[in-house]
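The next block holds one structure in the form of structure tokens; read it before the comments.
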Amino acid sequence: MCQAVNNNPEFKYILENYKEICYNIENAKTKYGRTDHCVNLMAVTKTVEPEKINFAISQGITLLGENRVQEYLSKKDQYNKNADVHFIGHLQTNKVKYIINDVKMIQSVDSLKLAKEINRLSEKYNKTMDILVEVNIGNELSKSGVQKESLFELVKNIAELKNISVKGLMTIPPIGCNESVFADMYELFIELEQMNIDNVSMETLSMGMSGDYELAIKHGSNLVRIGTKLFGARKYLEG
Ligand SMILES: *Cc1c(COP(=O)(O)O)cnc(C)c1O
């Protein structure tokens, strides 16, 4: 997974970071008894130059996470096509049309209105879009995501849409939050799985970033989204 196939000295730190993250993921799985989980690693690309992203792909990264529609559109043609792209940022309904044919999954669905627009365009283009429902697990005013009290109803409503396939949940736990928040999220994931809703398969729990991915793995995450720890500090703050 982490073997070197390309040696650009300028980007060597990315390979070092990548190896370290892979090592830490395996360690966390062992330490927390999650060796039955396959934990996928997503490279989060906001503010990162395409050359660095392509280097990461040449080293084995197979999944990219994009936050901003505008930035993605300006960079996507330069990306090596060997990696899939998931949209993970806040998505306005009127911007779905710009990404619907390029991304493999939309992880940030938090309203029926947004889901309906994804469904409408997917139908138009004769496809089915995989989505994750984003949960605002920390109940933070500043964050997107559905409140946990409204999650089950939203998932059931989205499940009615024929050109959408619900594949799991995504969340951004509050920085420095209590570990129980991670446990709450896993509980919701398992509850939904047990509900056995048609057109809903709880395959992916997308949880964990540079500062908390090991803790997220402890609590059942099987997709971690890493930016800073892989590419280094971002040049400007994310909006
Ligand atoms: C920026 C971002 C990440 C990665 O954050 P890091 O702390 O840099 O690893 C993950 N998920 C989402 C939704 C993000 O916006």
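For q = 0.26 Å⁻¹, what log10 I(q)/I(0) does region 112-181 give under the Debye formula with an equal point scatterer on each alpha carbon and no solvent? Log10 of I(q)/I(0), two decimals: -1.12. State which entries of LYS81/LYS229; LYS31/LYS127; LYS12/LYS81 exceed 31 angstrom in Cα-Cα distance in the structure shown. Listed pairs above 31 Å: LYS31/LYS127. Please build a GNM for the chain, connecting alpha carbons under 10 Å apart, and tell me which residue among VAL96, VAL155, VAL135 fluctuates the most. Among VAL96, VAL155, VAL135, the largest GNM mean-square fluctuation belongs to VAL96. If the segment from ASN101 to SER150 were pulled out straight at 0.36 nm per residue, it would be longer than the present Cα-Cα gap by 14.7 nm. Pick from MET170, MET195, MET105: which residue has the top mean-square fluctuation in a GNM of the chain where Cα pairs under 10 Å get a spring? Most flexible of the set in this elastic network: MET195. Multiplying the residue separation of GLU160 and GLU191 by 0.36 nm and subtracting their alpha-carbon distance yields 9.3 nm. Remark: relative contact order (the chain) = 21 percent; criterion is Cα-Cα distance under 8 angstrom and separation of 6 or more residues. Structure remark: mean-square fluctuation, Gaussian network model of the chain, C-alpha springs under 10 Å; the largest value among TYR79, TYR13, TYR186 belongs to TYR13. For region 127-239, the fraction of 1.4 Å probe accessible surface lying on carbon and sulfur atoms is 49 percent.
Distances between placed amide hydrogens fall under 5 Å for GLY227 paired with VAL44, SER210, all partners being 5 or more residues away or on another chain.
What is the sum of charges around ILE100, taking Lys and Arg as +1, Asp and Glu as -1, for the other residues whose C-beta is under 15 Å from the C-beta of ILE100?
Details: positive: LYS76, LYS95, LYS97, LYS104, LYS116, ARG120, LYS124, LYS127; negative: GLU66, ASP84, ASP102, GLU117, GLU123, ASP130.
Around ILE100, the surrounding residues sum to +2.
One equal scatterer on each Cα of region 64-123, no solvent, Debye formula: the resulting log10 I(q)/I(0) at q = 0.13, 0.26, 0.30 Å⁻¹ is -0.30, -1.15, -1.46. Checking the cross-link pairs LYS52/LYS124; LYS19/LYS218; LYS76/LYS116 against a 29 Å limit on the alpha carbon distance flags LYS52/LYS124 as lying beyond it. The residues of the chain expose on average 49 square angstrom of accessible surface per residue, using a 1.4 Å probe on protein heavy atoms.
Count the net charge of all other residues whose Cβ sits under 14 Å from the Cβ of GLU191, scoring Lys and Arg as +1 and Asp and Glu as -1. Walk me through the numbers on the way to the answer.
On the way: positive: LYS148, LYS156; negative: GLU149, GLU153, ASP184, GLU187, GLU193.
Around GLU191, the charge tally is -3.
Taking a ≥ b ≥ c as the square roots of the eigenvalues of the Cα gyration tensor, region 123-239 is classed as prolate, since a/c reaches at least 1.5 and a/b is larger than b/c.
Accessible surface of region 1-88, 1.4 Å probe: 47 percent of it comes from carbon and sulfur atoms.
What the Kirkwood sum gives for the chain is a hydrodynamic radius of 18.2 Å, with every pair of different alpha carbons counted.
The values are calculated or read from the model by the stated rules, or taken from the named source; none is laboratory data. Model, not experiment: these values are computed from the prediction. Heads up, the Cβs are rebuilt from the backbone with ideal geometry, glycines too, and the neighbour counts pull from every protein chain shown. To get the accessible areas, we keep the full protein, side chains included, count just its heavy atoms, and leave off ligands, DNA and RNA. Shrake-Rupley method; radii C 1.70, N 1.55, O 1.52, S 1.80 Å.
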